[in-house]
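Down below is the structure, laid out as structure tokens.
Just so you know, all these numbers are worked out from the coordinates, no wet-lab data involved. Worth saying up front: this structure is predicted, and the values here are computed from it rather than measured. FYI the Cβ positions are ideal-geometry reconstructions off the backbone, even for glycines, and counts take in every protein chain you see.
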Amino acid sequence: MDLTQGTGQEKLVRAKKMILLFAIISLSMMFAGLLSAYIVSSKRKDWLHDFDFPTSFLISTAIILISSITMHVAWVGLKKSQSAITSAMLLVTFALGIAFIYFQFLGFKELIGQNLYLTGPASNVRTSYIYVIAVLHILHIVAGLVVLLVLIYNHFKQKYNHGQTLGFEQGVTFWHFLDILWIVLVSFLYFF
């Protein structure tokens with residue numbers, strides 16, 4: 001398929017999808033670099049082997065999984081013109097995003113309770129990586145929450161109709177990416 005062919009609208013849609021794809025690839029590469037550094041650093045003599053991984057991080061993982069389901073239900077509701085379901089699921093997804101961030105901070109509190117800090121004499125390279133990776137992911141969840149606010153606003157303004165759902169579709173894709181990214185990150189940090 002020739003990407004230069006088609007109407008102006010078709011070209012715009014392809015361009016917007018490519019931009020999101022490049023953003024997802026870039027974010028994936030950034031976190032892959034951090035995980036690679038984590039692996040290399042694990043060979044250090046001062047690497048912390050025994051500590052209690054924050055339970056709150058595992059709870060936040062369950063929350064983000066549920067949010068992916070609610071986001072999918074919102075998308076299905078939109079495609080079936082079920083406005084009430086779409087509205088409710090977008091709001092629930094937003095609330096779950098906030099809950100995810102809350103439990104991330106509880107996870108930091110658990111680390112601090114073990115006397116494990118980001119920096120300073122009570123820090124350790126392993127837990128410093130955990131802090132940095134979690135904070136970077138939280139920043140991206142905040143971006144996802146902004147996207148959700150835009151989706152909610154546009155949905156209430158009835159801008160997603162007559163096949164004009166690209167923005168919604170992009171938002172769903174970005175949210176699912178953030179969910180999958182966290183599952184990969186927490187699995188790696190927990191099991192490695």
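Would you look at the GNM of the chain, springs on alpha carbons closer than 10 Å, and say which of Ile19, Ile59, Ile39 moves the most?
Ile19
Can you tell me which of 76-83, 169-176 comes out highest on packing, and rank the rest after it, using the mean Cβ neighbours within 10 Å? Spell out each step's value before the answer.
Numbers: 76-83: 15.0, 169-176: 19.6.
Ranked by mean Cβ neighbours within 10 Å, highest first: 169-176, 76-83.
What is the helix-to-structure angle for 125-156, meaning the angle in degrees between its Cα long axis and the longest Cα principal axis of the chain, kept from 0 to 90 and rounded to the nearest 10?
20 degrees
Please work out the FRET efficiency for the pair Phe156 and Glu10, using the Cβ-Cβ distance as r and a Förster radius of 35 Å; give the result to the nearest 0.05.
In this case the efficiency is close to 0.80.
Would you mind calculating the relative contact order of the chain from Cα pairs under 8 angstrom and at least 6 residues apart, reporting the percent as a whole number? Don't skip to the answer; put the middle values down first.
Details: 156 pairs, mean separation 50.3, N = 192.
The value is 26 percent.
Using only the alpha-carbon atoms, how far is helix 83-113 inclined from the longest principal axis of the chain? Give it as 0 to 90 degrees, nearest 10.
The angle comes out at about 10 degrees.
222 nm [θ] for the chain, helices only, -39500 (n - 2.57) per DSSP H run of 4+, per residue, to 500?
-28000 deg cm²/dmol
Considering the Cα positions of the chain, please state its Rg to one decimal place and its Dmax as a whole number of Å.
19.4, 61
Would you mind checking the stretch 110-138 for residues with the amide N under 13 Å from a putative spin-label position 7 Å along Cα→C-beta of Leu34?
127-138
Which angle between 0 and 90 degrees, to the nearest 10, do you get for helix 55-79 versus the longest principal axis of the chain when only C-alpha atoms count?
10 degrees
How far is it, in nm, from the label point at Val125 to the one at Leu21 when both lie 7 Å from their Cα along the line to the Cβ?
Here the answer is 3.8 nm between the modelled labels.
Could you give the length gained on full extension between Thr165 and Ile69, defined as 0.36 nm per residue of separation minus the Cα-Cα distance, in nm?
Full extension of this stretch gives 32.7 nm more.
Given the C-alpha centroids of the stretch 13-59 and the stretch 157-192, what is the distance between them in whole angstrom?
Rounded to whole Å, the Cα centres lie 16 Å apart.
Would you please name the trypsin sites (Lys or Arg not before Pro) within the stretch 125-192 that are DSSP coil residues with at most 11 other C-beta atoms within 10 Å of their C-beta?
Counting only loop positions with at most 11 other Cβ atoms within 10 Å, the trypsin sites (Lys or Arg not before Pro) in the stretch 125-192 are Lys157.
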